[in-house]
1. For a quick check: with amide H placed at 1.01 Å from N, whose amide H comes under 5 Å from residue 146's, ignoring anything fewer than 5 positions away on the same chain?
2. With a probe of 1.4 Å, find how much accessible area region 151-228 has per residue, and write the answer as a whole number in Å².
3. For region 57-118, which whole-number percentage of the solvent-accessible area (1.4 Å probe, protein heavy atoms only) is attributable to carbon and sulfur atoms?
4. List the residues whose amide H sits under 5 Å from the amide H of residue 129, counting only those 5 or more places along or on another chain, with H placed 1.01 Å from N in the peptide plane.
5. ³J(HN,Hα) across region 33-49 via Karplus (A = 6.51, B = -1.76, C = 1.60, θ = phi - 60°), whole Hz, x for Gly/Pro?
6. Taking the Kirkwood radius as the inverse of the mean 1/r across Cα pairs, report the Rg/Rh of region 17-141.
7. Determine one quarter of the surface area of the Cα convex hull of region 88-153, which equals its mean projected area, and express it in nm² to one decimal.
8. How would you rank 34-43, 100-109, highest first, on the average number of other Cβ atoms within 10 Å across their residues?
Amino acid sequence: MPGEYKSVFDIIGPVMVGPSSSHTAGAVAIGRAARHLIGGLPQSVRIDYYESFAQTHLGHGTDYAIVSGLLGYAPDDGRVPQAVSIARDQGVHIEFCEKEGPSPIGHPNTAVLHMQRQQRKMTIYGCSIGGGIVEIRRIQMAGYDLQTEGMLPLLLVEEMDQSLSNDGQDKGDRIADSIRAAGALRQSNTYRSGDGNSSIHVYDLDKPLLPELLQQISRYAPNMIYIN
């Protein structure tokens, strides 16, 4: 069984509304990840499709699937097919664009979401790898260009200064140590701003974090974003 699948159900596929686990259920998951990253339903979104997604998004329901994820719907929610009209009725500006050329993240089922919510702008690069499983391989936000391994779960921590904890340990290292102790850390990277006054810590995770650990991390990292 390939390493990216955790169980036989990942191969069979999820319970869903729509014809394709890759193009429909996976697209819902990309939308839900985007919703978590930007903090809710965006006010505007442009979705760029590449390769297979660009060729088949209409027939496979990828449009309404991604938007249903942005609305917070599950793949088997009966409202999924009406998601685009529901979102537009709520004032969301939505565009779908078919792009020529190869995927910028090297996968045929690629969607790039350019989003705005209030003053926050963000671009995420996601791909659906089969069985409803997705990867978020690149995130552009607040002047940062974050590269990740792609597989979820993923934890981002925004830090407005390079403050130290009471024991003198860097906050990012302290979080990494906590996740490592739980056996959940695949790798971590820190991206610093040009002026050095802020940073974003990216933690690629091997498994979901327990609620107790998330609560512990949130006490000294309130600006964290967790995607499971």
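1. Distant-sequence amide H within range of residue 146: 139, 140, 141.
2. 51 Å²
3. The computed percentage sits at 46.
4. Here 134, 135 satisfy the definition.
5. 4, 5, 4, 4, 5, 8, x, x, 6, x, 7, 8, 8, 10, 10, 9, 9
6. Over the Cα atoms of region 17-141, Rg/Rh equals 0.92.
7. So the mean shadow area of the Cα hull is 5.9 nm².
8. Answer by packing, highest mean first, reads 34-43, 100-109.
The values are calculated or read from the model by the stated rules, or taken from the named source; none is laboratory data. Just so you know, these numbers come straight off a predicted model, no measurement behind them. Using ideal geometry, Cβ is built from the backbone for each residue, glycine included, and neighbour counts are taken over all protein chains shown. These area figures cover heavy atoms from the full protein model, side chains too; ligands, DNA and RNA do not enter into them. Shrake-Rupley method; radii C 1.70, N 1.55, O 1.52, S 1.80 Å.
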